[in-house]
Amino acid sequence: MTDRDMNPVDLILARLTALHPKRIDLSLDRIERLLAALDHPERKLPPVIHVAGTNGKGSTVAFLRAILEAAGLAVHVYTSPHLVHFNERFRLGQKGGEGALVDDVELSAVLEECERANGDAPITVFEITTAAGMLLFSRHPADVLLLEVGLGGRLDATNVIDKPMASIITPVSLDHLEFLGDTLDKIAFEKAGIIKPGAPVIVAAQPRDALAVIERQAGRMKAPIRVAGENWTATEERGRLVYQDDNGLLDLPAPKLFGRHQFENAGLAIAALRAIPTLKLSPAAFEAGMTKADWPARLQRLSSGRLVDLVPQGAELWLDGGHNPDGGRAAAAALADLEDRVSRPLVMIVGMLSTKDASGFLRNFTGLARRMITIPVPGADKGLSAEDVAAAATAVGVQAVSRGNIDEALDAVRKLDLDPPPRILITGSLYLAGEVLRENGTEPT
């Protein structure tokens, strides 16, 4: 791609990449310096709900946004990574509406403002774009800012917020070991770094070691803590979500997002919103939020588009960005539920990065997947070869073949000539998921 082909945002990001030799370098020093040069936009933000964790952050944010917007509130959202366009990371809220992703003109302007304020000083792309997001959100009034941690928590660039309305910690598991530590308690310590003095912290069900670390940090911060299974429950009953806490029971529709784990993510979002004293939300807002929450590439059924036209007639095409063992476990459980309802042979198309536990991820699908077709992740500098992913699949007991790209993989599915038509899941990487949405012509909006 030449400079002429790149949009203004991509051109600026290409310049910003040169400001630091590493893509990830966890520290608060650089962003605090830049925010000071920008006259502290982090102190002028709408009330913040801060979300950390290993899996489920984006889905939990999606439920939070849908419920708050159903209540008529203006909700800014900062998430990462993006799937197709960088703008997906910045959603500007609107009273009584769903808001919209920031446009190229406004995003380019705040990125360039941050670039000028930073000068040639070292700073990572995530740090400077987080500062740009805070500048952007500080200039648009809203009722709430949903702020998703990029990586970890304690030293993440988003962790410059002193007084959030609430902190949320989704399930903690082993991922990004090279940055966060190689044990659950080390990783939980990093996630728990977002807990602030006196601000309620709402915690998903956790492994015992992780929960103990989080509870200790909440105690040190004198932060009231509410834990799944102890202070509230969210269960599926007769196809509905039944949520209960000390304030009573909510009998809600099943979440629009698919999979039993989404009942847990929805429950976490509900628990957080009910723990914030200043928010008085009606049951109708929670009900509408369940049916409106949307988060692309999380067990997303693709119903139209170029790639959908390439699958065998009558087949289903699903997309999921899961890439670690717990993410694979959640997707496998959801697919097993689908198999119980409508039985179809499962064929998986998988691409993964070398930084992920391929065997741990793929092992979840042993006995469930009829075949795996492996492909490289397009444009990924740390991608595993299709042959290496196929070898990992074979090692855990799933028959696998490698192909060069998504079109070749779908052609291989057609040649299997399965009856009934298969259920196809493309998975293993959010980068792959983004490329699939781009190729299919169904980019996030």
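The table that follows gives values for the structure above.
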quantity: Failed condition for LYS22, given (1) over 28 Å from ALA204 (Cβ atoms); (2) among the basic types (Lys, Arg); (3) assigned to a helix (DSSP H, G or I); calculated: (3)
quantity: Unique match (being at pLDDT 95 or above and farther than 24 Å from GLY428 by Cβ) among ALA315, ALA266; calculated: ALA266
quantity: Subset of the stretch 284-303 [out of contact with any Gly (no Cβ under 9 Å at 6 or more places or on another chain) and either charged (D, E, K, R) or farther than 22 Å from SER80 by Cβ (or both)]; calculated: ALA284, PHE286, GLU287, ALA288, GLY289, MET290, THR291, LYS292, ASP294, ARG301, LEU302, SER303
quantity: Number of the condition not met by LYS256 [criteria: (1) assigned to a loop (DSSP other than H, G, I, E, B); (2) more than 20 Å from the chain's Cα centre (by Cα); (3) among the charged types (D, E, K, R)]; calculated: (2)
quantity: VAL350 among the β-branched types (Val, Ile, Thr) and surrounded by fewer than 21 Cβ atoms within 10 Å (Cβ to Cβ); calculated: no
quantity: Complete set of residues in the stretch 199-251 that are of a type in the set (Asp, Glu) and under 16 Å from THR54 (Cα atoms); calculated: ASP209
quantity: Number of the exception - ILE24 against (1) aliphatic (A, V, I, L, M); (2) surrounded by fewer than 17 Cβ atoms within 10 Å (Cβ to Cβ); (3) modelled with pLDDT of 95 or more; (4) within 19 Å of the chain's Cα centre (by Cα); calculated: (3)
quantity: Any hit, the stretch 406-421, residues being within 25 Å of the chain's Cα centre (by Cα) and outside the structural domain of GLY259 (by TED's automatic domain parsing); calculated: yes
quantity: First in the stretch 391-403 and among the β-branched types (Val, Ile, Thr), second anywhere and surrounded by 21 or more Cβ atoms within 10 Å (Cβ to Cβ) and part of a helix (DSSP H, G or I), Cβ under 6 Å, 6 or more apart; calculated: VAL396/LEU362
quantity: Meets criteria (free of Cβ contacts under 8 Å to residues at least 60 places away in the same chain, under 28 Å from GLU190 (Cα atoms) and crowded, with 23+ Cβ neighbours inside 10 Å) for ALA269; calculated: no
quantity: Residues that are small (Gly, Ala, Ser) and at pLDDT 95 or above, drawn from the stretch 151-176; calculated: ALA157, ALA166, SER167
quantity: Helices (runs of 4 or more DSSP H) contained entirely in the stretch 333-445, each with at least 3 residues that are of a type outside the set (A, V, I, L, M) and closer than 20 Å to GLY314 by Cα; calculated: 406-416
quantity: Among the candidates ALA380, ALA400, residue that is modelled with pLDDT of 95 or more and aliphatic (A, V, I, L, M); calculated: ALA400
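Listed here are the residues, each with its yes/no results for (1) under 30 Å from VAL84 (Cβ atoms); (2) assigned by TED's automatic domain parsing to the domain that holds HIS50; (3) surrounded by fewer than 17 Cβ atoms within 10 Å (Cβ to Cβ).
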{"residue": "ASP245", "(1), (2), (3)": "no, yes, no"}
{"residue": "PRO277", "(1), (2), (3)": "no, yes, yes"}
{"residue": "SER282", "(1), (2), (3)": "no, yes, yes"}
{"residue": "LEU307", "(1), (2), (3)": "yes, no, no"}
{"residue": "ALA333", "(1), (2), (3)": "yes, no, yes"}
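The values are calculated or read from the model by the stated rules, or taken from the named source; none is laboratory data. In this text the structure is predicted, and so the values were computed from the model without any measurement. Cβ atoms come from the backbone with ideal geometry, glycine included; neighbour counts cover every protein chain shown.
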